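Everything below concerns the one structure shown next.
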Amino acid sequence: MTPHRDATEVDPDGHRVVFENEHVRILEVRGATGTELAQHSHPPRVVVAIGPYRVKSVDTDGVETIIDRRPGDAAWVEQEHHAAQVLVGPTHAIEVEVKSAAPDTTR
């Protein structure tokens, strides 16, 4: 089985890291209508739509899901491995990937 690549490796122009620390990694995601992304992985994350878009997601079993977002929509998305295609864009979203949810007890 081929290891899953990170979204920033598959789509470096469309998935840009804007902040990262030991707890989260925040990506700005952009994509024009018709953009296709090869199979890649995401850890659990919160997705916040900046603009409206429609994306087709295809998981590793070939199951297709259509995702519609409007500006301001926020959604929790569990870990996933998928390919994607922007059906209606441009896509513009912020993704907050969770690395650790443990509180800082040193303060």
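The values are calculated or read from the model by the stated rules, or taken from the named source; none is laboratory data. This structure is a prediction, so every number in the text was calculated from the model and none was measured. Neighbour counts run over all protein chains shown; Cβ positions are idealised from the backbone, glycine included.
Before moving on, here are some points about what is shown:
- Residue within region 50-60 that is touching a strand residue (DSSP E or B) at 6+ places or on another chain (Cβ under 8 Å), among the charged types (D, E, K, R) and crowded, with 17+ Cβ neighbours inside 10 Å present: no
- Selection status of Glu9, of a type in the set (D, E, K, R), farther than 16 Å from Gln85 by Cβ and in contact with a His (Cβ under 8 Å, 6 or more places away or on another chain): yes
- Filtered residues of region 18-37 (kept if of a type in the set (A, V, I, L, M, F, W, C) and surrounded by 13 or more Cβ atoms within 10 Å (Cβ to Cβ)): Val24, Ile26, Leu27, Val29, Leu37
Here's the yes/no breakdown for (1) modelled with pLDDT of 95 or more; (2) of a type in the set (Gly, Ala, Ser); (3) in a loop (DSSP other than H, G, I, E, B):
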{"residue": "Met1", "(1), (2), (3)": "no, no, yes"}
{"residue": "Phe19", "(1), (2), (3)": "yes, no, no"}
{"residue": "Arg25", "(1), (2), (3)": "yes, no, no"}
{"residue": "Thr33", "(1), (2), (3)": "yes, no, yes"}
{"residue": "Gly51", "(1), (2), (3)": "yes, yes, yes"}
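- The residue pairs whose first member lies in region 51-69 and is under 10 Å from Ala83 (Cα atoms), whose second member is of a type in the set (S, T, N, Q) and modelled with pLDDT of 95 or more, and whose beta carbons are closer than 6 Å, counting only pairs six or more residues apart or on different chains, are Lys56/Gln85; Ser57/Thr65.
- Residues that are among the polar types (S, T, N, Q) and in a loop (DSSP other than H, G, I, E, B), drawn from region 61-104: Gln79, Ser100
- Which listed residue is at pLDDT 95 or above, over 20 Å from Lys99 (Cα atoms) and either in contact with a Gly (Cβ under 9 Å, 6 or more places away or on another chain) or buried (at least 16 other Cβ atoms within 10 Å of the Cβ) (or both), from Arg69, Arg45: Arg69
- Applying the criterion of being hydrophobic (A, V, I, L, M, F, W, C) and surrounded by 15 or more Cβ atoms within 10 Å (Cβ to Cβ) to the residues of region 1-16, the residue that is farthest from Ile94 (Cα to Cα) is Val10.
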